[in-house]
Amino acid sequence: PDGSEAGPAFSDGERAAMRRAVTLARRGLGTVAPNPVVGAVILDPNGRTAGEGWHRKAGGPHAEVHALRAAGSRAEGGTALVTLEPCSRQGRTGPCTRALLRAGIRRVIYAVSDPTLSGEGASALCRSGAEVRSGLLAEQAAEANHAWLTAVVTRRPHVTLKLATTLDGRIAARDGSSRWITGPPARRDTHRLRARVDAIAVGSSTVLADDPALTARTAAGRPCARQPVRVVFDRRLRTPACSRLASDGAAPTWILTTRPAADHALGSAEPVTIGPGSRYLTEALHTLYDRGIRSLLVEGGATLAGALLGEGLVDRVIWYSAPRLLGQDGAPAVRGLEVPSCAGTPGFRVLGVRRVGEDVRTVLEPDPV
Ligand code: AOF
Ligand code: ZN
């Protein structure tokens, strides 16, 4: 049951309603893990908006249920626009397909399929006589849910690597100083990124070198109400108990280590054991997935960045480049990648370029390996 089959095209009103549903869906970014972000709009039989809603929290009502509640009896005979294929299974909350049918919805338009449903949502609606269409604003809806859609297929979190470098790809000067490479607007942008992901990660070298706080703060500098989980890739358990991550209690903090951690003092941080073996990073990521993390922002350092890139574990790169130079003694942003010749060099597709203050923000997607 795909939008490509014969039948009337989508009306302008439906298109506008789906655009609104995508906007609503985005409000859930950062708060719905391990669930997807979903927005829904109900149109009454005359095409007027009768109700809207979005999924706010895992375990809470789905977007369709919020929208149906708002619409009340005006949903009867109407159309539902949903950014994701409505669920047909009883999870923590009831199946939305049934809620839609019960409210008398005649036509259901969803933007993208839910890969965890294998088409069951659409077919349940079709079987009960509803008219089902899909594909309206699919690209925008998929982008809003990009991390979740990637994560549920790979069963590891969607990984965004953030790099903030000089023109010559350096992140610290010879004396080790690394503050203020990019300007305040780029740093504010980083806090917006942090607020929308489930977890933020660094390698243990970064903890030792910079002692970062890794909290999400508002433009006014106050901590956001919800803090992403802080993660340290720390195979050898080097995170000091006195580091901010292990002692400030500002957010849940997980230390992913292969060492037995029972007798190691880690303050308020939680040691998470990753099985021994050569696939530490892959296993660590699967562990994060199992703990409900669907999107991960990696903020350093160079060794972790190189290892993730080298193993094909990066889904997106967000690169802030500052108009400065640090020269040959500056520390590079990526270490440990062996690229013998230009021919085999890792490539990226540029998804977007934007100026942020004096810096340039480029969003890239690694070429498939
Ligand atoms: C929808 N609308 O708003 C959401 C959907 O057990 P639950 O209640 O947390 O349901 C989680 C699953 O439901 C999730 O994995 C995804 O397949 C679907 N999410 N579906 O129709 C929504 N959040
Ligand atoms: Zn649902």
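Once the Cα gyration tensor of the stretch 237-291 is found, what semi-axes does its equivalent ellipsoid get, as square roots of 5 times the eigenvalues, in whole Å, sorted largest first?
Whole-Å semi-axes of the equivalent ellipsoid: 20, 13, 8.
How large is the dipole of the stretch 197-236 about the Cα centre if only Lys and Arg carry +1 and Asp and Glu carry -1, each at its Cβ, rounded to the nearest 20 debye?
Dipole magnitude for the stretch 197-236 comes out near 120 debye.
What translational diffusion coefficient, in µm²/s and rounded to a whole number, does the Stokes-Einstein relation yield for the stretch 1-151 at 4 °C and a viscosity of 1.567 mPa s, taking the hydrodynamic radius as the Kirkwood radius over Cα pairs?
In µm²/s, the coefficient rounds to 88.
Rank 309, 292, 278 by how far each Cα sits towards the positive end of the charge dipole of the stretch 221-366 (+1 on Lys, Arg Cβ; -1 on Asp, Glu Cβ) and give me just the farthest.
292
Based on Cβ point charges of +1 for Lys and Arg and -1 for Asp and Glu, what charge dipole magnitude is obtained for the chain about its Cα centre, in debye rounded to the nearest 20?
920
If you average 1/r over every pair of different alpha-carbon atoms in the stretch 256-369 and take one over that average, what Kirkwood value in Å do you get?
That comes to 16.8 Å for the stretch 256-369.
Count neighbours as other Cβ atoms within 10 Å of each site's Cβ, and list the trypsin sites (Lys or Arg not before Pro) in the stretch 130-174 that are DSSP loop with at most 16 such neighbours.
Numbers: sites: 133, 155, 162, 170, 174; in loops: 155, 174.
Loop-located and lightly packed - 155, 174.
By the gyration tensor of its Cα atoms, with a ≥ b ≥ c the square roots of the eigenvalues, what is the shape of the stretch 70-117: rounded for a/c under 1.5, prolate for a/b over b/c, or oblate?
Oblate, since a/c reaches 1.5 and b/c is not below a/b.
With +1 on each Lys and Arg Cβ and -1 on each Asp and Glu Cβ, how big is the dipole of the stretch 98-150 about its Cα centre, in debye rounded to the nearest 20?
With only Lys, Arg, Asp and Glu charged at Cβ, the dipole is about 400 debye.
Any idea which of 116, 129, 319 is furthest toward the positive side of the dipole for the chain, if Lys and Arg beta-carbons carry +1 and Asp and Glu beta-carbons -1?
129
Using 20 Å bins from zero, what percent of all Cα-Cα pairs in the chain falls into each bin?
Spelled out per bin, shortest first, that is 27, 50, 22, 1.
Would you mind getting me the FRET efficiency between residue 324 and residue 118? Use the beta-carbon distance for r and R0 = 35 Å, nearest 0.05.
0.10
Using only Cα atoms, find the angle between the long axis of helix 280-290 and the longest principal axis of the chain, and express it within 0 to 90 degrees, rounded to the nearest 10.
30
Would you be so kind as to identify which of 66, 51, 82 lies farthest towards the positive end of the dipole of the stretch 43-90, taking Lys and Arg as +1 and Asp and Glu as -1 on Cβ and the Cα centre as origin?
So the residue furthest toward the plus end is 66.
None of the figures in this text is laboratory data; all of them are computed from the coordinates on show. What you see is a predicted model, and the numbers here were worked out from it, not measured in a lab. For neighbour counting, all protein chains shown are included, and Cβ atoms are generated from backbone atoms with ideal geometry for every residue, glycine included.
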